[in-house]
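The values are calculated or read from the model by the stated rules, or taken from the named source; none is laboratory data. From a predicted model like this one, the values you see are computed outputs, not experimental measurements. Note that each Cβ is placed from the backbone with ideal geometry, even for glycine, and that neighbours are counted across all protein chains shown.
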Amino acid sequence: MPKVIFVASDQTRREIEISGGWSLMEGAVQNDVTEIVAECGGGCACATCHVFIEPAWLDKLPEQTPSEKDLLDCTAVPRQSNSRLSCQIKLTPEMDGMVVHLPQRQT
Amino acid sequence: MKRFIIVGAGQAGLQVAESLRRGGFDGEVLLVGEEASLPYQRPPLSKKYLLGEVEAPRLLFRPADHYAKLGIACHLGVPVAKLDKENRIVYLADGAELCYDRLALTTGARVRELTVPGAGDPRVCYLRGLNDAENLRVRLSQARRVAIIGGGFIGLEVAAIARGLGCEVAVLETQSRVLQRVVAPVVSDFFARIHRERGVNIQLAQQVSAIDATPDALTIITADGSSVVADLIVAGIGVLPNIELARASGLLCDGGIVVDEFARTSDPSIVSAGDCTMHRNLLYPRPHRIESVQNAVDQAKVAAGTLLDHPVAYAQVPWFWSDQYDFKLQMTGISTGYDELVLRGEPEKGAFSVFYYADERLIAADSINRPAEHMVSRKLIATPGGCYPKAQLADTAIDLKTIF
């Protein structure tokens, strides 16, 4: 199972194993990463599962859909170039060790 | 040590429990639920779960060890038999008696059942809980012809899934358009069209009068004498709030468990939240009952605040969503009583928004495949004053995000 390192805004680090095929959001929520809210349950509909991906990992991620690009303008903490919605990232073996930064708030 | 009991282990019940802990409550928290499963997400049941794309464990909000870590004791698979609010005791059906200092009722809603002759056949299905979804998933995989009674969200979502599985699908709706209770005609017409284009036989203004069940088939007989033959019937004709326990205990109920803007019932030790409540939301002049994830979560937070003696009045703009084929409908606000519509974009192109005005005030918006417009609408509607130039909202050359 790929391991992902979540870094909170206070720099606390948590290493979490996430089943392949699950989304980054699902793995986070199921492991009490409460900084991920995911109001819509993973439908790319609400922009409350916003994360910042450590730049070195960005090219391992799936392309953004038009909906995700559009919604990233609606996040509570303004988007940066490494912003993604974690519900849109399905875990693959290549993401093992990925570092994900969490925003201070989602709503 | 103080003990707070939560009756109803759905989305609202879980939220009350977690908000109590996050709010610093250090007494006992007991979560009591009729279903055997740990709290799980219901929205995917009529979507990905029916398609077989997600399995039940993936629907759980939290893993099993989460509850122990947070100190939430779960009593699942046992209905509550009786509530004695004078002595503050919850009686479970298995004989257990649980005393409480304070109580939250998050009992949700159940499906309204068909009452026409023949409706008791096991091939007439409903969809609310995990067991219903599991039953329906198996039956759908064996059915060739599916008839759906009710052109609301559940009916249309199941229709989309059944078509995706290759079934012949008919939808029978009593009103003159689908989704009549919740959206404007332009949105109803859009959804009727996309279903028809994908081969769904949508029949409007059709009253079901009986179901003739034989071993080979189910025949729906309608009031105008026509018939629809199917292997499987799914009825999605609304829900009823679970208020019986509350009412029998003497709590005030009126189309739901009556609560104020602090989620307080007529008993000072009892709060209630979610689909089961007839509640006050300070943004609206009259109480209402709504069925949504948003209300379950936000009202549960209010209820937990009240239990912790940190009351915060409920004042949130409601929002809802529905997935059908590749279309995502997102609604916000309450459109009841609108007197003017503003259309943004072209329905023919499959992505548009509709804004509802009342007395020149923006009160609601529906967005189809326009998630960012939905998010902006939520902010626009929540902002007091709510007057936005209609020409701007209608002009797709202007990015809505720049208005706010």
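List of remarks:
- From the options B:Thr383, B:Thr396, residue that is more than 14 Å from chain A (Cβ to nearest Cβ) and of a type outside the set (Lys, Arg): B:Thr383
- Being within 14 Å of another protein chain (Cβ to nearest Cβ), charged (D, E, K, R) and over 22 Å from A:Pro78 (Cβ atoms) is a property that A:Glu17 has.
- Among the candidates B:Ile161, B:Ile154, residue that is under 23 Å from B:Ala36 (Cβ atoms) and surrounded by 20 or more Cβ atoms within 10 Å (Cβ to Cβ): B:Ile154
- With respect to the conditions (1) in the same structural domain as B:Val258 (by TED's automatic domain parsing); (2) over 30 Å from B:Phe262 (Cβ atoms); (3) in contact with a helix residue (DSSP H, G or I) (Cβ under 7 Å, 6 or more places away or on another chain); (4) surrounded by fewer than 18 Cβ atoms within 10 Å (Cβ to Cβ), B:Leu45 falls short on a single one, namely (4).
- Residue within the range B:314-332 that is within 30 Å of B:Gly27 (Cα to Cα) and of a type in the set (Lys, Arg) present: no
- Residues in the range B:22-40 that are under 17 Å from B:Thr107 (Cα atoms), free of Cβ contacts under 8 Å to residues at least 60 places away in the same chain and either exposed (fewer than 14 other Cβ atoms within 10 Å of the Cβ) or in contact with a Gly (Cβ under 8 Å, 6 or more places away or on another chain) (or both): B:Val29, B:Leu31, B:Gly33, B:Glu34, B:Ala36, B:Pro39.
- Members of the range A:63-82 that are buried (at least 19 other Cβ atoms within 10 Å of the Cβ) and over 11 Å from A:Cys44 (Cα atoms): A:Cys74, A:Thr75
- Any hit, the range A:97-107, residues being within 25 Å of B:Ala56 (Cα to Cα) and either facing another protein chain (nearest Cβ under 10 Å) or buried (at least 16 other Cβ atoms within 10 Å of the Cβ) (or both): no
- Restricting the search to strands (runs of 3 or more DSSP E) fully inside the range B:184-275 and requiring at least 2 residues that are closer than 30 Å to B:Lys85 by Cβ and of a type outside the set (Asp, Glu) gives B:239-241, B:257-259, B:270-272.
- Of all the criteria given as (1) out of contact with any strand residue (DSSP E or B) (no Cβ under 6 Å at 6 or more places or on another chain); (2) closer than 20 Å to B:Pro63 by Cβ; (3) at pLDDT 95 or above; (4) surrounded by fewer than 19 Cβ atoms within 10 Å (Cβ to Cβ), the one not satisfied by A:Lys3 is (1).
- Qualifying positions in the range A:37-52 - among the β-branched types (Val, Ile, Thr) and closer than 10 Å to A:Leu85 by Cα: A:Thr48, A:Val51
- Looking across the range B:49-60, the residues that are surrounded by fewer than 20 Cβ atoms within 10 Å (Cβ to Cβ) and either within 12 Å of chain A (Cβ to nearest Cβ) or under 17 Å from the mean Cα position of the chain (by Cα) (or both) come down to B:Glu53, B:Val54, B:Glu55, B:Pro57, B:Arg58, B:Leu60.
- Close pairs from the range B:117-146: first more than 18 Å from B:Ser209 (Cα to Cα), partner of a type in the set (Ser, Thr, Tyr) and in a loop (DSSP other than H, G, I, E, B), Cβ under 7 Å, at least 6 apart: B:Leu130/B:Ser37; B:Asp132/B:Tyr126
- Flag for B:Ala119 being among the small types (Gly, Ala, Ser), surrounded by fewer than 15 Cβ atoms within 10 Å (Cβ to Cβ) and either outside the structural domain of B:Ala162 (by TED's automatic domain parsing) or modelled with pLDDT of 95 or more (or both): no
- Tally, over the range B:326-360, of residues that are within 14 Å of chain A (Cβ to nearest Cβ), under 23 Å from the mean Cα position of the chain (by Cα) and surrounded by fewer than 19 Cβ atoms within 10 Å (Cβ to Cβ): 2
- Among the residues of the range B:268-298, just one is crowded, with 20+ Cβ neighbours inside 10 Å and over 25 Å from B:Pro43 (Cα atoms), namely B:Ile270.
- Enumeration of residues in the range A:39-64 that are facing chain B (nearest Cβ under 10 Å) and of a type in the set (Val, Ile, Thr): A:Thr48
- Condition check for B:Val293: closer than 23 Å to B:Val183 by Cβ, assigned by TED's automatic domain parsing to the domain that holds B:Thr265 and in contact with a helix residue (DSSP H, G or I) (Cβ under 8 Å, 6 or more places away or on another chain): yes
- In the range A:20-38, the residues that are of a type outside the set (Asp, Glu), touching a residue at least 40 places away in the same chain (Cβ under 8 Å) and at the interface with chain B (Cβ under 9 Å from one of its Cβ atoms): A:Trp22
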